[in-house]
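One structure is given here, and the rest of the page talks about it.
Rule-based calculations on the coordinates, nothing more; no lab input. On a predicted model such as this, the values are computed, not experimentally measured, just so you know. Glycine also receives a Cβ, built like all others from the backbone with ideal geometry; neighbour counts cover every protein chain displayed.
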Amino acid sequence: MSLYILVLAGGRSSRMGQDKAKLTMNKQHTLLQHMLELVAELAVEQVYISRPYQQQSGDLALTQMLTGLNAQTKIIYDPIEYQGPLAGIQACVKQLSDCSPNSQLLVLPIDMPALALVDLQQLVKSSQQKNTSCYFAHHFLPVSFYDLAQLQQLLNQLMLRPAKEKSFRNLLNQLPAMSIEATDSQLGRLINLNTPEQWQSYLANRN
């Protein structure tokens, strides 16, 4: 089964005050580089990065960085500004419309740097074993999507609805999706960093 990765890096980052993808972890090593190194440990066909189209002119350095990676990585820009993570997933699934029906799409957020390889492997393996999309209970991201044709059909419907209905909750409720109970250690890693204070705390305690 072919595995594709999508890193969601297209939000406003309004609470963080700056582009999360470009947050510096040490010297010139960015949060996006950290997340790409994490998924590079998986056997993937392609890694996609979801970005808002307004960032295209400012992503030159990001594009240059990607050319130096071993993994095949591509930026996908949302066609409409700030329509939420479902828009980024929809754009990615369109890219994959000609892929094998036995393909998986693992989606993870840019702002969850404590994720471990074992967490992602568990989602991918569970999805394959159960023949359904899988996510951790009470955490809609990361998620491993299993039936991409059905996912595309549902996303096309949801994106025509009012903004309040374009949610992960609605998407997962309408898909055949299964939640997996997270261990205590996993719960400590399934944390989004949304503010400068949370980011600095993570940096101070990551070693």
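Considering the chain as a Gaussian network with a 10 Å cut-off on Cα pairs, which listed residue, Ala163, Ala137, Ala87, attains the greatest mean-square fluctuation? Of Ala163, Ala137, Ala87, the Gaussian network model singles out Ala163 as fluctuating most. In a DSSP loop and with at most 15 other Cβ atoms within 10 Å, the GluC sites (Glu not before Pro) in segment 135-207 are Glu181. Between Gly11, Gly188, Gly88, the Gaussian network model of the chain with springs among Cα atoms under 10 angstrom shows the greatest mean-square fluctuation at Gly188. Give me the tail of P(r) for segment 2-202 as a percent: Cα-Cα pairs with distance above 21 Å. Tail of P(r) above 21 Å: 50 percent of Cα pairs. Taking label positions 7 Å along the Cα-Cβ direction at both Asn26 and Ala116, the computed distance is 1.9 nm, reported to one decimal.
When the Gaussian network model of the chain links Cα atoms closer than 10 Å, the mean-square fluctuations of Ala116, Ala43, Ala149 top out at Ala43.
Considering only Ser100, Ala21, Leu3, and ranking their Cα positions along the charge dipole of segment 2-202 that arises from unit charges at the beta-carbon of Lys, Arg, Asp and Glu, the one farthest toward the positive end is Ala21.
Simple point charges give the picture: +1 on the Cβ of Lys and Arg, -1 on the Cβ of Asp and Glu, and for the chain a dipole about the Cα centre of about 300 debye. Near Ile180, the amide H atoms lying under 5 Å from its own belong to Tyr135, Phe136, Ala137; only residues 5 or more places off or on other chains count, and H is placed 1.01 Å from N.
Normalised by the residues of the chain, what does the relative contact order come to in percent, with Cα pairs under 8 Å and at least six apart? RCO, the chain: 24 percent. Restricting attention to the chain, lysine pairs at least eight places apart or on different chains and with alpha-carbon atoms under 29 angstrom apart total 19.
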